[in-house]
Amino acid sequence: MTQDVKEIFGSPGGSLAAKVRTLGPSMTRSMHRVAEAVAGDPAGCAALTVTGLAELTGTSEATVVRTARLLGYPGYRDLRLALAGLAAQQQSGRAPAITTDIAVDDPIADVVTKLAYEEQQTLADTAAGLDTAQLGAAVTALAGARRTDVYGIGASGLVAQDLMQKLLRIGLIAHAHSDPHLAVTNAVQLRSGDVAIAITHSGSTGDVIEPLRVAFEHGATTVAITGRPDSPVTQYADHVLTTSTSRETELRPAAMSSRTSQLLVVDCLFVGVAQRTYDSAAPALAASYEALAHRHRSSPR
């Protein structure tokens, strides 16, 4: 991740909270307790030894060290130094975070504010955690693909349709499949030089994993867009693009919040491919606009 992205998408505190949200599903319960503790009270945890933090969270010293490493620090000492710096920054007067819990009786204005903040945080977390090397490799594969198949079910199926339409608009051959039987029968036809993309927030949707596996075994380049980087779908993916794992609430299911981060990744893929294929993409995009222009003109009275 470049320095520019870090500056745009938040402070070290935001980055640490983003890591906890993204990596939380891959942590054990004890590791999650440690991660939540350091993200929730960096000042207090910075003052603790590894033994003290282990006692505070009811875990072991080994668990604390493993959690630090999972969060991207070589050891607990490095995490502790980072927490101290974060605590100092927080004491400088930064505004407190907005809670995004939506109550049944919340005024609609509060709902708008909370949802807007949650969407912003989801996008920031996804951008901060997106592996640009993996993204670039996926863009390269898409730009040179003979054909691209995209698999998604439910809310992820809507994202799959969005990517397909974007690729079609710049003159590429793309298909989106939400029917698992049709997805598999099409995946059988893929080969080297083709691309298959699976979109699944959980990473464990069988109807998406199966066609990706078939495409992988037939030699296609495979990409997984998922909120769980250690999930089953990734074992059949040449490239993994991780989305933010947003917190699910009663009034906002995971399918709604995850779609925001998936759409950001799709837009990144599309723009990257359009850049790589600009000589053919620009005329194709112009032609598609022209073909639809008459539908947007006012009809004569």
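In a strand (DSSP E or B) and open to solvent by less than 20 Å² (accessible area, probe 1.4 Å): is that true of Val159 in this structure? Please lay out each step first, then the result.
Numbers: in a strand (DSSP E or B): no; open to solvent by less than 20 Å² (accessible area, probe 1.4 Å): yes.
Spelling it out, it is not the case that Val159 is in a strand (DSSP E or B) and open to solvent by less than 20 Å² (accessible area, probe 1.4 Å).
Among the numbered criteria (1) part of a helix (DSSP H, G or I); (2) in contact with a Pro (Cβ under 7 Å, 6 or more places away or on another chain); (3) not hydroxyl-bearing (Ser, Thr, Tyr), which one does Gly203 miss?
Unmet for Gly203, out of (1) part of a helix (DSSP H, G or I); (2) in contact with a Pro (Cβ under 7 Å, 6 or more places away or on another chain); (3) not hydroxyl-bearing (Ser, Thr, Tyr): (1).
Can you spot a residue in region 107-122 that is assigned to a loop (DSSP other than H, G, I, E, B), open to solvent by 70 Å² or more (accessible area, probe 1.4 Å), at pLDDT below 85 and closer than 22 Å to Leu23 by Cα?
No: zero hits.
Here's a check for you: in region 217-259, which residue that is in a helix (DSSP H, G or I) and modelled with pLDDT of 90 or more is least open to solvent (accessible area, probe 1.4 Å)? Show your work before the answer.
Going through region 217-259, the residues in a helix (DSSP H, G or I) turn out to be 217, 232-236, 254-259.
So of that shortlist, the ones also modelled with pLDDT of 90 or more come out as 217, 232-236.
Numbers: Glu217: 117, Pro232: 62, Val233: 0, Thr234: 29, Gln235: 118, Tyr236: 49 Å².
Per the criteria, the residue is Val233.
Where in region 15-64 are there helices (runs of 4 or more DSSP H), lying wholly inside it, with at least 3 residues that are without any contact (Cβ under 8 Å) to a residue 24 or more places away in the chain? Give the derivation first.
On the way: elements: 29-40, 42-46, 50-57.
Where helices (runs of 4 or more DSSP H) fall fully within region 15-64 and carry at least 3 residues being without any contact (Cβ under 8 Å) to a residue 24 or more places away in the chain, they are 29-40, 50-57.
Considering only region 34-74, how many residues are open to solvent by less than 60 Å² (accessible area, probe 1.4 Å) and either under 15 Å from Ala87 (Cβ atoms) or β-branched (Val, Ile, Thr) (or both)?
Selection size over region 34-74: 19.
The values are calculated or read from the model by the stated rules, or taken from the named source; none is laboratory data. A quick note: this is a predicted structure, and the numbers were derived from the prediction, not measured. Every residue, glycine among them, receives a Cβ derived from its backbone with ideal geometry; neighbour counts consider all protein chains shown. Quick note on the areas: whole protein, heavy atoms, side chains included, nothing else; ligands and nucleic acids left out. Shrake-Rupley method; radii C 1.70, N 1.55, O 1.52, S 1.80 Å.
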